[in-house]
Amino acid sequence: MIAVSVETCSRMREDGVLGTKRLGIEAAMGGMIGYNNKTFRRLMMMVLKRSLAFSFGLLFFGVNAFSNVWYSENFDNFKDGDIAGQDDWKTAMNQNTCQISSEVKRGDTGKSILITEDTMVVRSFDGTHDGIQYVSLFTQRDKGAGIMLFYIGGDAIKWGGAAVFNTRGDTSIHALDGNAGQQVGEIKLGEWHHFRIVLDFKKKTYDFYVDDEQIVDDFGFRGEGGKGGVNPSLSWIFFGWDHPDALTAYIDDIEMGDGEGETAGKPQAVSASDKLATTWGRIKQRL
């Protein structure tokens, strides 16, 4: 493959090289001679296009080859009202169902889960999701004394989950290291925050990131840390508040997958084909 930059081609045209001399490329093309600038431009465009297609193909493969998202939901296609009974969501811990609402959502359109006092729901997942797994979600809460509880774990649905944490009306975030809780960060009321939890089911520890800032490092699973129960893999998540103290909170855009999920919750990259079309258009303008 012959690699000649656009800048080099332009310089060669200015020097009169392309129109009057036979280059080494002629031999590579099977002895073709006497071609003009138009023929050479066509040749270079073909070479560059194939090179770009190969390069962006590698880029696309590199980004996606190690990514395995096995659950993703933005709730936009759910019906307003009870979430229990939709897409295998169920009530948890003998509480009422949370609601699907379009009043508060991320972006201009869509829906989210509304969590209030005395409501709690769970979603279970088939398959074995062990090793290193991540959970990504967006959450917002308003004023209220109620505590927004999050439980992530495996095996039987239980209080002794793997990663256990919560947000409170005073804006604090608390997380459990084993069975011992502590404040680890803060939120802002009335704003969406991105939570990413990375669970290591071999080490029985988890990390916790809020808006890409790590606030928990290697906290122990609650179940194995004293509450009881084991968590061999990621097979459920439940959240809500099982008391009458007032709570208004929202959850949207839940994603789960293998690995640490470093790109979860971030704007989607332009596809490789779109990048190729844009770059190719710019190159044609210069040739």
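Laboratory data are not the source of any read-out in this text; all were calculated from the coordinates shown. None of the values given here were measured: they were computed from a predicted structure. With ideal geometry, Cβ positions are generated from the backbone for all residues, glycine too; neighbour counts draw on all protein chains shown.
Output wanted: per-residue J couplings in Hz (rounded whole) for region 72-80, from phi through Karplus 6.51 cos²θ - 1.76 cosθ + 1.60, θ = phi - 60°, x for Gly and Pro.
Each residue of region 72-80 in turn: 8, 8, 10, 6, 5, 9, 7, 7, 4 Hz.
Would you give the gap between the C-alpha center of region 72-104 and the C-alpha center of region 174-242, rounded to a whole Å?
Rounded to whole Å, the Cα centres lie 22 Å apart.
When you count, for each residue, the other Cβ atoms within 10 Å and take the mean per peptide, how do 198-206, 224-232 rank with the highest first? Could the numbers behind the result be given before it?
Working: 198-206: 20.0, 224-232: 16.8.
Ranking, from highest mean packing down: 198-206, 224-232.
Compute the signed sum of charges (Lys and Arg +1, Asp and Glu -1) over the other residues within less than 15 Å, Cβ to Cβ, of A145.
Within the 15 Å Cβ shell, the charges total -3.
Report relative contact order for region 134-237 in percent, whole number only (criteria: Cα-Cα under 8 Å, sequence separation at least 6).
Numbers: 256 pairs, mean separation 34.6, N = 104.
Relative contact order for region 134-237 comes out at 33 percent.
If the chain between K188 and K203 were fully stretched, how many nm would it gain, using 0.36 nm times the residue separation less the Cα-Cα distance? Spell out each step's value before the answer.
On the way: separation 15, 0.36 × 15 = 5.40 nm, distance 3.20 nm.
Between K188 and K203, full extension yields an extra 2.2 nm.
If amide hydrogens are placed 1.01 Å from N in the peptide plane, which non-local residues have theirs closer than 5 Å to the one on Y71?
M256
Test of understanding: ordering L247, L189, L234 by Cβ neighbours within 10 Å, fewest first, what list do you get?
Numbers: L247 25, L189 14, L234 29.
Going from least to most buried by this count: L189, L247, L234.
For V184, which sequence-distant residues (separation of 5 or more, or a different chain) have an amide H within less than 5 Å of its own amide H, given hydrogens modelled in the peptide plane?
I173, H174, A175
How big is the dipole moment of region 69-258 about its Cα centre under a simple scheme where the beta carbon of each Lys and Arg is +1, that of each Asp and Glu is -1, and everything else is neutral? Debye, nearest 20, please. Spell out each step's value before the answer.
On the way: 17 positive and 32 negative charges, 88 e Å.
Rounded to the nearest 20 debye, it is 420 debye.
Given K111/K202; K105/K143; K79/K202; K158/K202, which pairs have Cα atoms separated by over 29 Å?
Numbers: K111/K202 36 Å; K105/K143 17 Å; K79/K202 38 Å; K158/K202 20 Å.
Those over the limit are K111/K202; K79/K202.
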